[in-house]
Amino acid sequence: MKTFSFNLKTTGTVKAALGRNMENVPAQFPELFRSVDKVCLVTGSDAPPSLRARALALFPEGARPHAYFWLPPSEKAKTLEQAGRLCSFLFGEGFSRGSLLIAAGGGAVTDLAGFAASVYMRGIRWVSAPTTFLAQIDAGLGGKTAVNLAGAKNIVGTFHQPALAVCDTAFLDSLPHAELRSGAGELVKYAMIGPGDLFRTVKKNLSKVLAGDRAALTSCVSACAAYKLKLVARDERDERGVREALNFGHTAGHAFEAMSAGRLPHGEAVARGLRFALIASRGAGILSKKDHDAMDALVGALRLKPALVRRDFRHFLSLVSRDKKARGANNRFVLAAGPGRLCPAEDLDAALLKKAFEGALK
Ligand SMILES: NC(=O)c1ccc[n+]([C@@H]2O[C@H](COP(=O)([O-])OP(=O)(O)OC[C@H]3O[C@@H](n4cnc5c(N)ncnc54)[C@H](O)[C@@H]3O)[C@@H](O)[C@H]2O)c1
């Protein structure tokens, strides 16, 4: 088991553990579990039984849950109503400020449970145990929590760091191939935003990841999680521009996801968003053809299926202008001048956006 410890300005120390078939995690972090009065395990209702069994192996005596809460599958979990349901449940079960939530699931579960943990009694501690590839390299780390609103992604949310994030790659053994592909979309993002060694790790492992190779999955989780935690440590609340890199491909990706009405998994929407950002970066004259082609080849390796998104450019424009990262501009995107060289751009013109929109959904 690899452990990480970060000192964050607002939150203090947060910890993470990465490995395979980990057991009795509380024994490694006794200070986190010593004064906990009650524990609630939050999972998705469609998760396989093996997921719950693995989660219970991670948290045996001392941290064994007193209560269990099931959320509806995937994005259906990310609503204010579900957050209210979870808070009411905790209150009914007598959970106090000294209680702990353990969120074991994909990014939808960690986003919703983290959000509920941040508002219940003005904030209780939570442990993030991401169980999809996408959540282990991204969603389950970093303390951004959110629910969707009126068909737009992550509009209501908080920053609330998990006291501990536990990425156990044994969870990935039961993951359907479609979810691995989705996670690979975020993996490709890391290659585009990170340093050269991360680009090389992703490039080397991408096809093996898509084939479910355990060693490749573990090495990508380890490299990406460590990189994300490093960015988070430098910019805990996304105020200094450091974390903005993690949004590469996401403004368009979130719009595609919303426009697909649930048919496009998050990571695949992000992969299309990456393609959008690369075409827009070419169009804005900041990305060479050579770099564009090298970066786009990674998206090509994902062999995306035709996107189930209505080609409605006006709807797309209205979604990107309402994106919370637009900050009052008509639109705001993270563009790339090359691998690891990103720059935000605002108010891009409609003709350039239309070309990128069409190219991304081809
Ligand atoms: N907070 C952040 O920083 C952040 C970053 C990236 C993405 N996200 C969010 O994450 C969400 C996407 O997360 P996701 O891709 O994990 O999808 P998801 O949470 O929707 O899960 C996908 C499916 O996988 C199933 N599943 C989970 N673990 C499994 C396992 N081990 N074995 C078998 N099935 C399993 C779930 O039950 C679900 O049906 C989106 O809502 C996105 O907005 C958040």
Of the peptides 176-188, 87-99, how do they stack up when ordered by the mean number of other Cβ atoms within 10 Å, highest first? 176-188, 87-99
Area accessible to solvent at Thr158, 1.4 Å probe radius, in Å²: 40
Among Ile155, Gly84, Thr13, flag the residue with its Cα farthest along the positive direction of the charge dipole of the stretch 2-174, charges on Cβ as +1 for Lys/Arg and -1 for Asp/Glu. Thr13
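Could you provide, to the nearest whole Å², the per residue accessible area of the chain with probe 1.4 Å?
41
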What's the extension gain from Arg237 to Thr10 if we count 0.36 nm per residue and subtract their Cα-Cα distance? 80.8 nm
Among the aspartates and glutamates, select those whose C-alpha is under 19 Å from the C-alpha of Lys189, and discard any that sit fewer than 8 residues away in the same chain. Asp138, Glu179, Asp197, Asp235, Asp238, Glu244, Glu257, Glu268, Asp291, Asp293, Asp296
Integer Hz, Karplus 6.51/-1.76/1.60 couplings in order for the stretch 130-138, x for Gly and Pro: x, 10, 9, 4, 4, 6, 6, 8, 8
How much length, in nm to one decimal, is gained on full extension between Ala294 and Ala178, taken as 0.36 nm per residue of separation minus their Cα-Cα distance? 39.3 nm
Taking every DSSP bridge whose two residues both lie in the chain, the antiparallel percent to the nearest 5 is 45
May I ask you to derive the relative contact order of the chain, considering only C-alpha pairs under 8 Å and at least 6 residues apart, and to give it as an integer percent? 14
Over 26 Å between Cα atoms: which of Lys144/Lys208; Lys144/Lys289; Lys78/Lys204; Lys76/Lys324 fall into that group? Lys144/Lys208; Lys144/Lys289; Lys78/Lys204
Can you work out the Karplus-derived ³J(HN,Hα) for every residue in the stretch 314-320? Use 6.51 cos²θ - 1.76 cosθ + 1.60 with θ = phi - 60°, whole Hz, and x for glycine or proline. 5, 4, 4, 4, 5, 5, 5
Quick one: pull the percent of accessible area on the chain belonging to carbon and sulfur, 1.4 Å probe, ligands and nucleic acids left out. 53
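Normalised by the residues of the stretch 161-214, what does the relative contact order come to in percent, with Cα pairs under 8 Å and at least six apart?
Numbers: 22 pairs, mean separation 19.5, N = 54.
Computed value for the stretch 161-214: 36 percent relative contact order.
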Counting helices only, and only those DSSP H runs with n ≥ 4, report the 222 nm mean residue ellipticity of the chain as the sum of -39,500 (n - 2.57) divided by its residues, in deg cm²/dmol to the nearest 500. -13500 deg cm²/dmol
Please give the helix 289-300 orientation as an angle from the longest Cα principal axis of the chain, in degrees from 0 to 90, rounded to the nearest 10. 50
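Please give the net charge around Met22, taking every other residue with its beta carbon less than 15 angstrom from that of Met22, where Lys and Arg add +1 and Asp and Glu add -1. Walk me through the intermediate numbers first.
Numbers: positive: Lys2, Lys15, Arg20, Arg54, Arg214; negative: Glu23, Asp168, Asp173.
Around Met22, the charge tally is +2.
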Determine the distance separating the Cα centre of the stretch 328-343 from the Cα centre of the stretch 65-108; give it in Å without decimals. 35
Hits in the stretch 119-137: amide N under 13 Å from the 7 Å Cα→Cβ extension of Arg97, namely 120-125
Ile286 paired with Lys305, simple spin-label distance in nm, labels 7 Å along Cα-to-beta-carbon: 3.5
So what's the net charge close to Ala135: Lys and Arg +1, Asp and Glu -1, counting the other residues with Cβ under 11 Å from its Cβ? -4
Can you tell me the FRET efficiency between Glu61 and Lys208 if r is taken as the Cβ-Cβ distance and R0 is 30 Å, rounded to the nearest 0.05? 0.20
Any idea what angle helix 196-210 forms with the longest principal axis of the chain, computed on alpha-carbon atoms, 0 to 90 degrees, nearest 10? 80
Which residues' amide hydrogens lie under 5 Å from the amide hydrogen of Ala336, considering only partners 5 or more residues apart or on another chain, with H built in the peptide plane? Ser281, Cys343
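If we count every other residue with Cβ under 12 angstrom of Val221's Cβ, Lys/Arg +1 and Asp/Glu -1, where does the sum land?
Details: positive: Lys2, Arg20, Arg214, Lys228; negative: Asp138, Asp168, Glu186.
Charge balance near Val221 sits at +1.
The values are calculated or read from the model by the stated rules, or taken from the named source; none is laboratory data. These figures come from a predicted structure and were not determined experimentally. Reconstructed Cβ throughout: ideal geometry from the backbone, glycine too, with neighbour counts over all protein chains shown. For the accessible areas, the whole protein counts, side chains as well, though only heavy atoms, and no ligand, DNA or RNA atoms are used. Shrake-Rupley method; radii C 1.70, N 1.55, O 1.52, S 1.80 Å.
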